[in-house]
Every structure is written in structure tokens, then in C-alpha cells.
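The values are calculated or read from the model by the stated rules, or taken from the named source; none is laboratory data. Bear in mind that the values here come from a model prediction, so they are computed numbers and not experimental data. Cβ coordinates were reconstructed from backbone atoms using ideal geometry, including for glycine residues, and neighbour counts include every protein chain displayed.
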């Protein structure tokens, strides 16, 4: 591989995004402060930014430098990466190709991609099939100083054309441009101007195989222990951190009429298996539903009634760690490395002292499972098949980035063999979701970046609208997972609630409904956290992720008057989303973003909707549009009025406007 431009050439026969090829990486890094024998790891878009790939390394003549190398199997793509040793991070000093965002600079590995000054490869996220399937979206970056525009010429078997690409986003070192091309059955030949003399061949992924029920889904997350009790049981007292409140599957079943009336179509249940804690992510028996929740009979009743109401169930498949009571763990506790189950777990490797079990987070009783071990993998697939037979319509794969890719593919294949129209959703923190969604591991991935932007812009008021718009545009570029491939939310059961954060930063008059308004008018599959329909909040939220017990309070059996008003607002928004295809499936265009004012447009098959949010001083917005001169106010949150094409918004107000010719 040439050092000055580490690029693996694209073959004449174009490849599928799933095709892998061996790539030998030889990199040089500087690690000041790292111990001489510290292992060197590769992190970035070749894997994720937390779990490194070990590299073979040798020292150089300079004391802090190491040469590290490995052979990787990668599909065509452009991969940001860095090296790490002993807690010290380094660019690849032999690779001049970089990209930078918010002054954080990474090296770039090109596999079948364009040479400088273009940042492009004929694969996701630079080429994705649009959700409608009738066209593809092509994105390319140009290094700053090499032009402020980009033209795309294309040719298929039966058509050709030239397009001026539109500016889509920008980073510290690159400007990004985007164009739409008609989908073709065969390869599409493209050429950029300015750009290299060579052409690129696009082979589109197969038409979207997401089931229709998922494309129109509204997800509702239930923290099972804190949602509702069994009939007749006492309820309401918050037992505190990591103590059971007594949630029950029959309590969820009795809430189905209310959830159906709200507009929910999919329930996502946190783990219901027999486990060591009330959150049940530390498995004890992953094949058994916890009797404390009602066991198998209660789940059967819930699944049957949900199905009768047109509501599907997504269950949590969590295999990162075990808890006390898991028989293999108990055997290892008794026999140590002499146990036949010792290889089921991860162990520390140290030159000093005997190896010790590695545990999840700061816990000492939650050993990490070795998902590369054949018997552990067999247990995972057995649990997967068991949930399909119970009638679940999908899985949420916990900590999906840390599940071996081939195992994730096997999980999805196993579940879909039983339930052909099933969906596997991945809890995925890295932004480059396309690595999993385009290679058969996941159907959809969580979008934590969207959550972070809305929290910063609307809850904390820490960034202006223009910065929020820029971050959202870059996230869309990174993910390569358009439409229903992305699950979006403003609250999760592992973070403080959006309303709790808003009140903490803005006082008791500030609600979280603005966040839900944007969520329910933005592309992707929306997900509500239990209680958000009541604008539920914690008086003293805890900021530490995964330890947010004040925001995991038991759901009130009956909301107060403010909760009832919030329920009505959320139900109205979900009704609008269901009745206006542009909100659920339409294209997105950001029209204006400055200060506290954010305006975007959704369009689908002739329907045009403008969405406006204002968190600054009251403002009169001119919505003049010669193509769509007729405007009518569909929905207002807070004080909003429309006069002709002038929209007046008070502080903390939002509006949904229908446009027509």
C-alpha cells in the first residue's frame, strides 16, 4: 500500500457493499507517556471508537514512536481512524490523508476510494439507496482550497446525465456535496468534476427489505420494572436505585388500550429474562422469562392482546455480561481458571499476578461474556430463536457495536428465518451505522447523535440553531442509514429525561414537548420513553449515563392535569404523523437556522409541510414561497399564529404549516 495515499484500487468488476477484501495497514504513531510495552490498538470506523483492534507493533529509533500493522478484511469505503497505546492517541504519521471535525483530526484509510482532493468511495455512506428505492443519494467531499462546487456526470445502461451537486455540509477540512441519481438495475458509472480522471462504478444495495410495519412505526420504550404493577398490587413509591418496584407484564397488558389510543405501534421492552438485578441486563437464565414478571403465561397474554390491537413487541437481547446466579459464573467463582466455563468470560492479561475476571463498568459481580466462544454464541442464538417462537416481532441488540459482526449477522438471520418480516434494532453509539445496516447485521440503529443535538439546542440552550443544523447534516452523512434505518429519540432509559434536563437548565416553566415536537416531525422511526407522553421529569436528575435512577421512576397510574394536557398534545402529533406521509416518509430540507429559530421542510409526493421552532425572542417569520403560496396552520405548540404567509411565534413555540399551490 503506498504510504503517501493509502488506497486499495477499485477493481474493474464493481463490488457489493458487503464484499470484503484484505487490506494491509502499516502505520506509525507517537505515544508520549505510554509504557514501552503498551499494546497498540486501531480504533475508528473500521470497528468503533471504543473497542480497539490489536496491532502487531515494533519500536522505532524515536523513543515514543511505534510501527504497527495488521491485515484487515474491509469492504470498499473511507475509514477515519486513529492509533492508541497506553491511553495516548496518535494520527498515522505516515499517512497525510486526514479529515477533521470540531478540531478533532483523524487519519483516513481509503479502500477503493477516490484520491485527494476528493473524499468519496462508491459505497455507504457516500452512496445509499433512498428509502423510496427509486433513486440513490451520492455524497462526496472536496478538500478545502480545491474548489467550492462539484459536478457529477453519470451513465447507466439506458440513461446518462450531468448534475450540479448541492452543498450538504462542511467540516474543518472538507466541503460536502450531494446529488440524487435514478436507481438502475445494473452498475452506474460516475465521474466528478473537479476530480480524478478515473470513473467509479456504483452497485446499489438491493431494494429496501424493511417491512412496511417498521417504516411507519412509533416505538414506545418500557422499562419493565418501573411501568405498571400486576393488577391489585401497590404502586407508586420509588424504591430507589437498583431496587425493584414490582413492574409486571400484566400491567403492561392492561395499559395497551391507552398506548393504542396514543398512537403507539411497537412496544420495546427492556429485558424480561431471569437476571440478577431489576433492570435485568445481567443475565442469569437468558432462556427463561422472570417469574416475578409473570413468566411465560404473562408474556403470552401480553403478546396475544398486543397482536389483536395491531401493536408489535420488540424484546431486548442483552448478552454483554452476566450476574450472580448464572451457573457458569458461579462455577468460575468456585473453581477459577480451572472451571470448564472459564473461556466463557473475558479475563485481564497482566504480567503481574494471576488473571482476573473482567466486569462490566465499575461492577465487581457482572463478568463480561466472551461472545467469540462457540458455546456462548450457541446460547445467544438459542435465546434468539426462543424469542421468535414466543411471538416477538423484533429484537433490540444491546451494545451492538461490541457484538462480533458475524454473530450479529447470525442473530438477524436466525430471527428472520422464524419471523420473515422481523426487525433487528441495534443499540449503536458510533455514528457510522452503515457498517452494520449495509452488511446484514442490523435493520435499524439508534441515533444518539440526534439525541445529543436536540438536548444541546432545545433542552440546555447551549448551541444556536445554525450549529444544530450543521451537526444534524453531518450526522446524516456519517450514518448512511436513511429513513427507517435510524431510530430517533430525545430520551432513553439510560439518560436523564429530556424534560428533566430542560427544567434543570430553564426552570420549572420549561417542558420537554418542544423536543417531542421536533422528534415527531423529523425523519426516521421515533421512539418515546415511557412517561414522555405525560412530560414526566425528575426533580433531581443524575447526569451519569446508565445510573439515572431518578428518571426511572415508577410511571404514575393516573397523570395529573399537566400530564393529561401533555398526553393530548403528543396524541395529536402522532395522529398528524400518521395522516401526513410527508412527516413519516418525506424528504428533509433545512430552510433556515439561526440563533433560536429553526425552520425545516418535509415533502413527499406533492405534500409539503413546513416545521418551525423558536426558542429565542418572539419573532415574525416570512414564509413567502412563490411555488407554494398557500399556507395553513395545522398545529401549534405554545403561542403561534399565521397571517397570510407570516408566521408569528412566541418564545418556546412551534408550528406545523401545510403548504399548497
Quiz item: From 280, 324, which residue is in contact with a strand residue (DSSP E or B) (Cβ under 7 Å, 6 or more places away or on another chain) and under 26 Å from residue 379 (Cα atoms)?
Solution: 280
Exercise. For residue 392, indicate whether it is closer than 24 Å to residue 284 by Cβ, assigned to a loop (DSSP other than H, G, I, E, B), outside the structural domain of residue 284 (by TED's automatic domain parsing) and modelled with pLDDT of 95 or more.
Key: yes
Quiz item: Here are some residues: 80, 90. Which one is at pLDDT 95 or above and either more than 14 Å from residue 477 (Cα to Cα) or in the same structural domain as residue 139 (by TED's automatic domain parsing) (or both)?
Solution: 90
Quiz item: Mind checking whether some residue in segment 109-120 is at pLDDT 95 or above, closer than 26 Å to residue 400 by Cα and surrounded by fewer than 22 Cβ atoms within 10 Å (Cβ to Cβ)?
Solution: no
Quiz prompt | Matching option when the condition is farther than 30 Å from residue 19 by Cα and exposed (fewer than 14 other Cβ atoms within 10 Å of the Cβ), among 263, 240 | solution = 240
Practice problem: For segment 288-309, state whether one or more residues are in the same structural domain as residue 261 (by TED's automatic domain parsing), modelled with pLDDT of 95 or more, part of a helix (DSSP H, G or I) and on the phi > 0 side of the Ramachandran plot. | Solution: yes
Quiz item: Within segment 505-562, how many residues turn out to be over 16 Å from residue 495 (Cβ atoms), touching a residue at least 60 places away in the same chain (Cβ under 8 Å) and assigned to a helix (DSSP H, G or I)?
Solution: 7
Self-check item: All positions within segment 603-620 that are surrounded by 15 or more Cβ atoms within 10 Å (Cβ to Cβ) and either part of a strand (DSSP E or B) or at pLDDT below 95 (or both)
Solution: 603, 604, 607, 608, 609, 610, 611, 612, 613, 614, 619
Practice problem: Tell me which of these residue 405 doesn't satisfy, since it passes every other one: (1) buried (at least 21 other Cβ atoms within 10 Å of the Cβ); (2) touching a helix residue (DSSP H, G or I) at 6+ places or on another chain (Cβ under 9 Å); (3) farther than 30 Å from residue 254 by Cβ. | Solution: (1)
Quiz item: Does residue 131 fit the bill of being out of contact with any strand residue (DSSP E or B) (no Cβ under 7 Å at 6 or more places or on another chain), in contact (Cβ under 8 Å) with a residue 12 or more places away in the chain and not assigned by TED's automatic domain parsing to the domain that holds residue 103?
Solution: yes
Quiz item: Of (1) within 27 Å of residue 210 (Cβ to Cβ); (2) free of Cβ contacts under 8 Å to residues at least 60 places away in the same chain, residue 169 satisfies all except one. Which?
Solution: (2)
Quiz item: Which of the following residues is within 26 Å of the chain's Cα centre (by Cα) and in a helix (DSSP H, G or I): 381, 368, 314, 337?
Solution: 381
Quiz item: Is it fair to say residue 578 is assigned to a helix (DSSP H, G or I), under 23 Å from the mean Cα position of the chain (by Cα) and surrounded by fewer than 17 Cβ atoms within 10 Å (Cβ to Cβ)?
Solution: yes
Practice problem: Give the residue, chosen from 282, 242, that is under 27 Å from the mean Cα position of the chain (by Cα) and modelled with pLDDT under 95. | Solution: 242
Quiz prompt | Criterion violated by residue 444 - all others in (1) over 30 Å from residue 502 (Cα atoms); (2) in the same structural domain as residue 490 (by TED's automatic domain parsing); (3) crowded, with 22+ Cβ neighbours inside 10 Å satisfied | solution = (1)
Practice problem: May I ask you to list the residues in segment 129-148 that are over 12 Å from residue 191 (Cα atoms) and assigned to a strand (DSSP E or B)? | Solution: 129, 135, 136, 137, 139, 141, 142, 143
Quiz item: Quick check, is residue 491 in the same structural domain as residue 223 (by TED's automatic domain parsing), at pLDDT below 95 and within 30 Å of residue 639 (Cβ to Cβ)?
Solution: no
Exercise. Take the residues in segment 63-87 that are surrounded by 14 or more Cβ atoms within 10 Å (Cβ to Cβ) and outside any strand (DSSP E or B), then tell me which one is farthest from the chain's Cα centre (by Cα).
Key: 64
Exercise. Could you list all residues from segment 177-208 that are assigned to a loop (DSSP other than H, G, I, E, B) and under 16 Å from residue 482 (Cα atoms)?
Key: 183, 204, 205, 206, 207, 208
Quiz item: Which of the residues belonging to segment 149-176 are assigned to a strand (DSSP E or B) and over 28 Å from residue 471 (Cα atoms)?
Solution: 153, 154, 155, 160, 161, 162
Exercise. Report yes if some residue within segment 490-500 is touching a strand residue (DSSP E or B) at 6+ places or on another chain (Cβ under 6 Å), surrounded by 24 or more Cβ atoms within 10 Å (Cβ to Cβ) and in contact (Cβ under 8 Å) with a residue 24 or more places away in the chain; otherwise report no.
Key: yes
Quiz prompt | From the options 482, 508, residue that is modelled with pLDDT under 95 and over 22 Å from the mean Cα position of the chain (by Cα) | solution = 508
Quiz item: Is at least one residue of segment 109-128 under 30 Å from residue 581 (Cα atoms), touching a residue at least 24 places away in the same chain (Cβ under 8 Å) and part of a strand (DSSP E or B)?
Solution: yes
Self-check item: Unmet requirement for residue 598, which otherwise passes all of (1) more than 24 Å from residue 650 (Cβ to Cβ); (2) buried (at least 22 other Cβ atoms within 10 Å of the Cβ); (3) at pLDDT 95 or above
Solution: (1)
Self-check item: Hey, residue 90 surrounded by 23 or more Cβ atoms within 10 Å (Cβ to Cβ), touching a residue at least 24 places away in the same chain (Cβ under 8 Å) and over 22 Å from residue 202 (Cα atoms) or not
Solution: no
